[in-house]
Amino acid sequence: MVAAPSTPPPVVEVNNLRIRYGKEVALQLDELSVVPNEIFGIIGPAGSGRTSFLKAVNRMDLFDRSMDVEGSIRFRGRDVRTWKNVYSLRRRIGVVFPLPVGLPLSVYDNVALAPRLSGVRAKSELNDIVERCLRRAALWDEVKDRLSSLGSLLSGGQQQRLTIARGLSQDPDLLMLDEFSIAVDPVTTMRIEDVLKELKQELTIILVTNLVQQARRLADRTAFFLGGRCIEIGATDAIFSGEVKDRRTTDYILGRFG
Ligand SMILES: Nc1ncnc2c1ncn2[C@@H]1O[C@H](COP(=O)(O)OP(=O)(O)OP(=O)(O)O)[C@@H](O)[C@H]1O
Ligand SMILES: [Mg+2]
């Protein structure tokens, strides 16, 4: 008997998800899966439910009492709500928000903090982690001589790359970015885009973006969210060449609304 070709199990697998704030449904999602080493783009206009989706994957509902999550989200095969504790889950998921949220710490400590908290003590090991993460975020050359100065003194684009370096410091399986380029100049945006293309060799990326062309440049597959619904999921090439199930996808991509 010939074994069926095996497809790798998804990194994130969603079924019958419903996210509400009070009575308001923010996102209703029947089925979605993100496979290893892809960049999965999520596009859609303001209020379409994209940030809520990331929050649910990362269990930020624990800190937002108005947020209610029903249905199933599996990360690496296990429902995110049954992880032993939320920290063990979050250690494997790096998150980058729209605006760089630098900690009031040195460049070095911004990256070393999480590994230290999870028990890495040896200075040489921390040094290695800091250098490796800063290199992966394409920031090392610019900051290697000022590791002890405050992260908040870096330029906006550098701070955003520092956030990425911090997101990588625990060697996550999944990196989720929410409109990372909102406060970043176009040149830095392109540099970060190059970083993401490199990173996907090693991990999986969910990229929420307002820039449809950014999804086109980076994402292997793209989902289109609208009004709290997932309207379309498909290969990015197909979606951008007009092979869509729903006309609203093309209308949005062409800037006819949103
Ligand atoms: N903490 C909250 N409390 C109440 N309603 C919320 C909260 N966060 C989001 N919402 C609502 O949920 C819906 C989805 O919002 P969400 O932030 O997920 O959308 P988005 O696609 O990320 O949009 P944006 O472009 O504004 O970032 C919106 O109607 C929003 O007003
Ligand atoms: Mg958002």
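The values are calculated or read from the model by the stated rules, or taken from the named source; none is laboratory data. All values reported here derive from a predicted model rather than from experimental measurement. We place every Cβ from the backbone using ideal geometry, glycine too, and count neighbours over all the protein chains shown. Ligands, DNA and RNA are excluded from the accessible area calculation, which covers all protein heavy atoms including side chains. Shrake-Rupley method; radii C 1.70, N 1.55, O 1.52, S 1.80 Å.
Here are a few things to note about the model shown:
- Global form of region 45-116, assessed from the alpha-carbon gyration tensor, a/c cut-off 1.5: oblate
- Each residue of region 30-36 is assigned a 3J(HN,Hα), and the resulting list reads 6, 7, 7, 9, 10, 9, x Hz, derived from the Karplus form 6.51 cos²θ - 1.76 cosθ + 1.60 (θ = phi - 60°), x at Gly and Pro.
- In this view, the solvent-accessible surface of F63, computed with a 1.4 Å probe and all protein chains in place, comes to about 140 Å².
- DSSP bridge pairs, the chain: antiparallel proportion in percent, nearest 5: 60
- Derived scalar couplings ³J(HN,Hα) [region 58-75; Karplus, 6.51 cos²θ - 1.76 cosθ + 1.60; whole Hz; x for Gly, Pro]: 8, 6, 6, 4, 4, 9, 10, 5, 7, 8, 10, 10, 10, x, 10, 10, 9, 10
- Annotation: extensible slack from D185 through V35 equals 51.0 nm (criterion: 0.36 nm per residue apart, minus Cα-Cα distance).
- With R₀ set to 30 Å, the beta-carbon distance separating D220 from F257 gives a calculated FRET efficiency near 0.75.
- Rolling a 1.4 Å probe over the protein heavy atoms of the chain, with every protein chain left in place, gives an accessible area that is 51 percent carbon and sulfur.
- Using a simple spin-label model with pseudo-atoms 7 Å out from Cα toward Cβ, D171 and S6 lie 2.2 nm apart.
- Calculated FRET value between K144 and N16, using beta carbons and R₀ = 45 Å, to 0.05: 0.40
- A straight line joining the Cα centroids of region 207-231 and region 1-67 runs 13 Å.
- Only DSSP H runs of four or more residues enter the estimate; each adds -39500 (n - 2.57), and after division by the residues of the chain the mean residue ellipticity at 222 nm equals -9500 deg cm²/dmol.
- Residues E243, E125, E193, E142 ordered from highest to lowest accessible area at a 1.4 Å probe: E243, E125, E142, E193.
- Å² of accessible area per residue within region 97-171, as computed with a 1.4 Å probe and no ligands counted: 48
- Cα gyration tensor shape of the chain, rounded if a/c is under 1.5, else prolate or oblate by comparing a/b with b/c: prolate
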